[in-house]
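So the structure is just underneath, and the comments pick up after that.
The values are calculated or read from the model by the stated rules, or taken from the named source; none is laboratory data. Nothing here was measured: the structure is a model prediction, and the numbers come from that model. Glycine gets a Cβ as well: all are built from the backbone with ideal geometry, and neighbour counts include every protein chain shown.
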Amino acid sequence: MSFSSLRDFLFDRLEPAGRLVRVSEPVSPHLEMTEIQTRLLAEGGPAVLFENVIGPNGEKYDMPMLVNLFGTVERVAWGMSREPHELREIGETLAQLRQPEPPGGFKQALQMLPLLKTVMSMKPKTVSRAPCQEVIWKGDDIDLAKLPIQTCWPGEPAPLITWPLVVTQGPNAKGKSTGDDADARDDFNLGIYRMQVTGPNTTLMRWLKHRGGAQHHARWKDQNREPLPAAVVLGADPGTILAAVTPVPDTLSEYQFAGLLRGQKVELVDCKTVPLKVPASAEIVLEGHVSLDEHGDEGPYGDHTGYYNSVEPFPVFTISAITMRRDPIYLSTFTGRPPDEPSVLGEALNDVFVPLLAQQFPEITDFWLPPEGCSYRVAVVSIKKAYPGHAKRVMMGVWSYLRQFMYTKFVIVVDDGVNARDWNDVIWALSTQVDPARDVTIIENTPIDYLDFASPESGLGSKMGIDATAKMAPETHREWGTPIRMADDVIDEVTRKWAAYGLPGDGKPIWK
């Protein structure tokens, strides 16, 4: 089932399934909304549409507010037009698109054609009229205070736009440059970058240096004096939102991948004041420009670490128009110590990452980013170990293969007989298979999330790899232990007789 708009997803999929609840009780976006959502997330609760959102002076906002949209893995999968057990198939598709292997023969080549044909057919199309432009604010009509923008945590300096889908193009995008000047890196980039409100028509654009929007900004600054055009989509269809947080190959636009997820092209419309295209079915769009030289102090804000981040300078975004539907829905969330929506998204996308990593390292049998590890700071990898030093090679591969893992601080490698997603199994492997002096690798002076205040320098710190696999010569010269396991015939006999014992429980065997 595909969804061409956010409201299609809400009212055709979530609400009939009991996964969307409407609340008419007055609710404030100042702190109260965060506390409500933290409790919903902890219990795997539904998405919520608050229909009576109250501002600081007691006035009611003209639009409802949606939170906890992707608060469960199930809803993330549904947003990708899949079921949870099908998420790994998305990773397999991405692996083929990211680095397609030469076909082994004519038959295999024919099998690849449908995917390639489908991808090519999913290029977005431009329409002349769009729901997201039914209402247009320009000039003095622009006022972010009219939107129910959330203040998430005590002590934050200003309301924060938390689900902005930021659309940019670099200086040498296709259609803007021809011949050798065209650069695929400069095509449409969609990224989620939080935005601190600083005035009726200004925000700060918090994008990290390695992210696509920031790279567009840097390349634009090298070639232009005018500010970078940008559009901020609030409430796109779920496939487009999720495409922005998925490791899409650089040769494929997020718009095109969103079409692949949806099974139908994304319809775009030209912005009114900037040379960009945005999803026609969006709820709200902020159009404007990101300054090349004007910056403001951003923060402190509560972050995914569970702490407030340091104050850092980020460029100013000045709004030239706000367009929206006649009856828009404002999409919001919060970021904090897990569980939060980013950690749920990370858990869902975990299965997307496995085929991507296994394509490069076929020995990888599973990969797990524990949500409590702030989504990406800890990774556990299980492998079919084949030679001495194999675990260390995999560690280096995890850190270097995908941009998503450049900030992962800890990589634990276990044998494929260990369940990478079960801390009981992982801790057992750490306790029995690791000698700290031999099996712990420390790498200094590596890129680290600048929000990581534990690192000695902002943006620069160390990484730790732990080899918790069984050792072989010459990694060890001692006889290695043999795991205890019950005989299969005894396991089968006890399973057969369990009901006759009259014991509680289902008697499921514990042996792998």
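Structure summary
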read-out: Selection count, the range 117-138, where residues are among the small types (Gly, Ala, Ser) and touching a Ser or Thr at 6+ places or on another chain (Cβ under 9 Å); value: 1
read-out: Residue that is farther than 27 Å from Val266 by Cα, in contact (Cβ under 8 Å) with a residue 12 or more places away in the chain and among the aromatic types (Phe, Trp, Tyr), where the choices are Phe50, Phe70, Phe9; value: Phe50
read-out: Criterion (closer than 30 Å to Thr72 by Cβ, in contact with a Cys (Cβ under 6 Å, 6 or more places away or on another chain) and in contact (Cβ under 8 Å) with a residue 60 or more places away in the chain) met by exactly one of Ala231, Ala236, Ala244; value: Ala231
read-out: Residue list for the range 456-493, filter: small (Gly, Ala, Ser) and closer than 18 Å to Ala379 by Cα; value: Gly461, Ser462, Gly465, Ala468
read-out: Meets criteria (under 18 Å from the mean Cα position of the chain (by Cα), of a type in the set (Gly, Ala, Ser) and at pLDDT below 95) for Ala95; value: yes
read-out: Of all residues in the range 421-451 being of a type in the set (D, E, K, R) and crowded, with 17+ Cβ neighbours inside 10 Å, the one that is farthest from Pro370 (Cα to Cα); value: Asp439
read-out: Failed condition for Gly58, given (1) at pLDDT below 95; (2) of a type outside the set (Lys, Arg); (3) part of a helix (DSSP H, G or I); value: (3)
read-out: Residues located in the range 444-490, provided they are touching a residue at least 24 places away in the same chain (Cβ under 8 Å) and aromatic (Phe, Trp, Tyr); value: Tyr450, Phe453
read-out: Residue within the range 281-297 that is within 22 Å of the chain's Cα centre (by Cα) and within 30 Å of Arg377 (Cα to Cα) present; value: no
read-out: Residue list for the range 409-442, restricted to those being touching a helix residue (DSSP H, G or I) at 6+ places or on another chain (Cβ under 8 Å), of a type in the set (Val, Ile, Thr) and either under 17 Å from Thr365 (Cα atoms) or modelled with pLDDT under 95 (or both); value: Val411, Ile412, Val413, Val414, Val418
read-out: Whichever residue in the range 1-60 is of a type in the set (A, V, I, L, M, F, W, C) and farther than 24 Å from Val76 by Cβ and, among such residues, is surrounded by the most Cβ atoms within 10 Å (Cβ to Cβ); value: Val53
read-out: Selection from the range 208-254 of residues that are under 27 Å from Met63 (Cα atoms) and part of a helix (DSSP H, G or I); value: Pro238, Gly239, Thr240, Ile241, Leu242, Ala243
read-out: Residue in the range 470-484 that is outside the structural domain of Gly302 (by TED's automatic domain parsing) and under 25 Å from the mean Cα position of the chain (by Cα) present; value: no
read-out: Conditions (1) in a strand (DSSP E or B); (2) touching a Gly at 6+ places or on another chain (Cβ under 6 Å); (3) not aliphatic (A, V, I, L, M): number failed by Ser382; value: (2)
read-out: Segments classed as strands (runs of 3 or more DSSP E), wholly inside the range 273-353, with at least 3 members that are at pLDDT 95 or above and in contact with a Phe, Trp or Tyr (Cβ under 6 Å, 6 or more places away or on another chain); value: 284-298
read-out: Which listed residue, of Thr240, Thr203, Thr198, is touching a helix residue (DSSP H, G or I) at 6+ places or on another chain (Cβ under 7 Å), of a type in the set (S, T, N, Q), within 27 Å of Glu341 (Cβ to Cβ) and at pLDDT 90 or above; value: Thr240
read-out: Of all residues making up the range 387-412, the number that are hydroxyl-bearing (Ser, Thr, Tyr) and part of a strand (DSSP E or B); value: 0
read-out: In the range 354-376, the residues that are free of Cβ contacts under 8 Å to residues at least 40 places away in the same chain, part of a loop (DSSP other than H, G, I, E, B) and within 18 Å of the chain's Cα centre (by Cα); value: Leu369, Tyr376
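This table checks each residue for (1) more than 30 Å from Pro249 (Cβ to Cβ); (2) in the same structural domain as Arg206 (by TED's automatic domain parsing); (3) β-branched (Val, Ile, Thr).
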| position | (1), (2), (3) |
| --- | --- |
| Cys374 | no, no, no |
| Lys392 | no, no, no |
| Arg403 | no, no, no |
| Tyr407 | no, no, no |
| Arg421 | no, no, no |
| Leu430 | yes, no, no |
| Val434 | yes, no, yes |
| Val440 | yes, no, yes |
| Thr446 | no, no, yes |
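A quick yes/no check of all residues on (1) on the phi > 0 side of the Ramachandran plot; (2) of a type in the set (Ser, Thr, Tyr); (3) surrounded by 22 or more Cβ atoms within 10 Å (Cβ to Cβ):
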| position | (1), (2), (3) |
| --- | --- |
| Glu267 | no, no, no |
| Pro279 | no, no, yes |
| Glu294 | no, no, no |
| Tyr301 | no, yes, yes |
| Thr305 | no, yes, no |
| Val311 | no, no, no |
| Ile322 | no, no, yes |
| Tyr330 | no, yes, yes |
| Phe334 | no, no, yes |
